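Student: I am attaching a structure below and will ask some questions about it afterwards.
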Amino acid sequence: MALKIISTNRAVAEAVKLAKPQVIPVYPITPQTSISEYLAQFVANGELEAEYIRVESEHSAISACVGASAAGARVFTATSSQGLALMHEILFVAAGLRNPIVMANANRSLSAPLNIWNDHQDSIAERDSGWIQVYVESAQEAFDSILISYKVSENKKVLLPSMVCLDGFILTHTVEPVEIVPKDEVNNFLPEYEPEHAILDPEKPMSLGTFTDPNYYMEARHQIEEATQRSKKVIERVNKEFNETFKRKPNRRSHTKIQKGHRKGQQRVQ
Amino acid sequence: MEIGATVKEPGSTRRNKTGSWRIFKPILDKEKCIECDNCILFCPDACISPEYEIDYDYCKGCGICAEECPVKAIKMERER
């Protein structure tokens, strides 16, 4: 297991490289920018085989994620603050279509007055969108949570998008030692994404995102709530599996208990 | 209900009979009709057949056919 001294944004990008998403639509925004830069670099270097889409806004970034996920690809995007706010309407679409997208959000305050520093209002404002939110407090947690989030989101009992939230600057730009897990072991832990529920396949045609009456709409949103409740157990199980597979010391990531207060080091599920 | 509210077989639009939305019903007087086909071409829901039969299962009663008829052969009758 390689120990690297890297920033948390770099740790996120390294984890994404190991998760091997096929489509990465990202729009840069402070303090997330270096995540998008590292990923662009990985794709350009051939270290990561993915379609890196240079979108013109965050609204397009998340829209491309929804489309690619519905076509059966594993996808990743990252944003912050105003970018997340611009994604707002598509966040609900992603949850409603049950696309297991994983996104990193560098928590930053919302304007006005314009401010680029850390604040949680951006992700808290999206609390009811149907996304699972994970808050991390170290570079190692950020790294681990990206891989864990893919496994949780793609679990057939969950099938919800996940947002890994890291404090802007305070965490994103802090340099820490991070254990990078071996590639082949990640492949065993996180096999390829194989969607069955919502997939655009000419052999098996189906319509996604159709019109529904209020009774069906309520049913669909209720299913999201049930999946969110089920995700609590899945998160605990996947964390345990991750700790065992990669021989993590429990004190390094001691956040397997969920929403029982705000003790230091705990992971919260919205 | 399917996960993600997906629709896995065709026909849901056909089952949704939008004619129930109608308040005014178009009635065609075939005696007056000059077969210009304006009503067929202008109907936004393709509810008028080449034989000038109106499909009341899906006609929403918008009245465009009556408006476009040059000889006033279509009358909008209040239904409810």
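Throughout, read-outs are computed from the coordinates displayed, never taken from laboratory work. This is a predicted model, so every value here is computed, not measured. Positions of Cβ are backbone-derived with ideal geometry, glycine not excepted, and every protein chain shown enters the neighbour counts.
Student: Given H placed on each backbone N at 1.01 Å, which residues far from A:Gly72 in sequence or on other chains put an amide H within less than 5 Å of it?
Tutor: It is A:Leu200, by chain and number.
Student: Report ³J(HN,Hα) in whole Hz for each residue of segment B:29-41, in order, from the Karplus equation J = 6.51 cos²θ - 1.76 cosθ + 1.60 where θ = phi - 60°; Gly and Pro get x.
Tutor: 9, 5, 5, 7, 4, 9, 6, 7, 6, 4, 4, 5, 5
Student: Something else: Counting other Cβ atoms within 10 Å, keep those with at most 15, restrict to DSSP loop, and tell me which GluC sites (Glu not before Pro) in segment A:30-119 are left.
Tutor: Those satisfying the criteria are A:Glu47, A:Glu49, A:Glu56.
Student: About the Cα centre of chain A, what is the dipole size in debye to 20, counting +1 per Lys and Arg Cβ and -1 per Asp and Glu Cβ, all else neutral?
Tutor: 1100
Student: Gaussian network model of chain A, Cα springs within a sub-10 Å range: biggest mean-square fluctuation belongs to which of A:Ala94, A:Ala139, A:Ala85?
Tutor: The residue with the greatest mean-square fluctuation here is A:Ala85.
Student: Between segment A:159-201 and segment A:48-78, how far is it from one alpha carbon centroid to the other, in angstrom?
Tutor: Value for the Cα centre distance between the two parts: 15 Å.
Student: To the nearest Å, what is the center-to-center distance of segment A:91-123 and segment A:15-46, using C-alpha atoms only?
Tutor: Between the Cα centres of segment A:91-123 and segment A:15-46 lies a distance of 17 Å.
Student: Then there is this: Take every DSSP beta bridge whose two residues both sit in the protein assembly as shown, then give the antiparallel share in percent to the nearest 5.
Tutor: For the protein assembly as shown, the DSSP antiparallel bridge percentage is about 40.
Student: Which one of A:Glu219, A:Glu14, A:Glu236 has the biggest mean-square fluctuation once chain A is modelled by GNM with Cα springs under 10 Å?
Tutor: Comparing A:Glu219, A:Glu14, A:Glu236 in the GNM, the peak value goes to A:Glu219.
Student: Within chain B, how many Lys pairs sit with Cα atoms under 24 Å apart, leaving out pairs fewer than 8 places apart on the same chain?
Tutor: So the count of such lysine pairs works out to 15.
Student: Okay, moving on. For segment B:26-80, what is the Kirkwood estimate of the hydrodynamic radius, computed as the reciprocal of the mean inverse distance between distinct Cα atoms, to one decimal in Å?
Tutor: Final number for the Kirkwood radius of segment B:26-80 is 11.1 Å.
Student: Next question, about the same structure. Are there cysteines in chain B with no other Cys C-beta under 4.7 Å, and if so, which?
Tutor: B:Cys33, B:Cys36, B:Cys43, B:Cys62, B:Cys69
Student: Report, by chain and number, residues whose modeled amide H sits under 5 Å from the one on A:Ala104, excluding near sequence neighbours (fewer than 5 apart, same chain).
Tutor: A:Thr77, A:Ala78, A:Thr79, A:Val164
Student: Just the Cα atoms of segment A:64-142: what Rg and Dmax do they give in Å?
Tutor: That works out to 13.0, 40 Å for Rg and Dmax.
Student: Magnitude of the Cβ-charge dipole of chain B, K/R +1 and D/E -1, about the Cα centre, nearest 20 debye?
Tutor: Dipole of chain B, to the nearest 20 debye: 400 debye.
Student: Are there GluC sites (Glu not before Pro) in segment B:13-80 that DSSP marks as loop and that have at most 14 other Cβ atoms within 10 Å, and which are they?
Tutor: Passing sites in segment B:13-80 are B:Glu31, B:Glu35, B:Glu51, B:Glu53, B:Glu79.
Student: Now a separate question. What ranking of A:Ser162, A:Ser207 emerges when the number of other C-beta atoms within 10 Å of each C-beta is taken as an exposure proxy, fewest first?
Tutor: Ranking A:Ser162, A:Ser207 by Cβ neighbours within 10 Å, fewest first, gives A:Ser207, A:Ser162.
Student: Still on this model: Averaged over all directions, how much area does the convex hull of the C-alpha atoms of segment A:152-195 cover when projected, in nm²?
Tutor: Dividing the Cα hull surface by four gives the mean projection, 4.5 nm².
Student: Let me ask you something else. Using the Karplus curve 6.51 cos²θ - 1.76 cosθ + 1.60 with θ = phi - 60°, what ³J(HN,Hα) values do you get for each residue of segment A:162-172, in whole Hz, with x for Gly and Pro?
Tutor: The phi angles translate into 10, 10, 9, 9, 10, 4, x, 6, 3, 10, 4 Hz.
Student: Springs between alpha-carbon pairs under 10 angstrom, Gaussian network model over chain A: which of A:Pro191, A:Pro202, A:Pro100 fluctuates most?
Tutor: Of the options given, A:Pro202 has the highest mean-square fluctuation.
Student: Rounded to the nearest 0.05, what FRET efficiency is calculated for A:Ala44 and A:Asn188 with R0 set to 45 Å and r the Cβ-Cβ distance?
Tutor: Given R0 = 45 Å and the Cβ-Cβ separation, E is 0.95.
Student: So which lysines pass the test for A:Lys20, namely a Cα distance under 21 Å, with those fewer than 8 places away in the same chain ruled out?
Tutor: List returned: A:Lys4, A:Lys151, A:Lys156, A:Lys183.
Student: Evaluate the Debye formula for chain A with equal point scatterers sitting on the alpha carbons, no solvent, and hand back log10 of I(q)/I(0) at q = 0.09, 0.13, 0.14 Å⁻¹, in q order, two decimals.
Tutor: The Debye formula, applied to the Cα set alone, gives -0.36, -0.79, -0.93.
Student: Right, here's the next one. Can you work out the Karplus-derived ³J(HN,Hα) for every residue in segment B:66-80? Use 6.51 cos²θ - 1.76 cosθ + 1.60 with θ = phi - 60°, whole Hz, and x for glycine or proline.
Tutor: Couplings: 5, 5, 7, 5, x, 10, 6, 7, 10, 10, 9, 9, 5, 9, 7 Hz.
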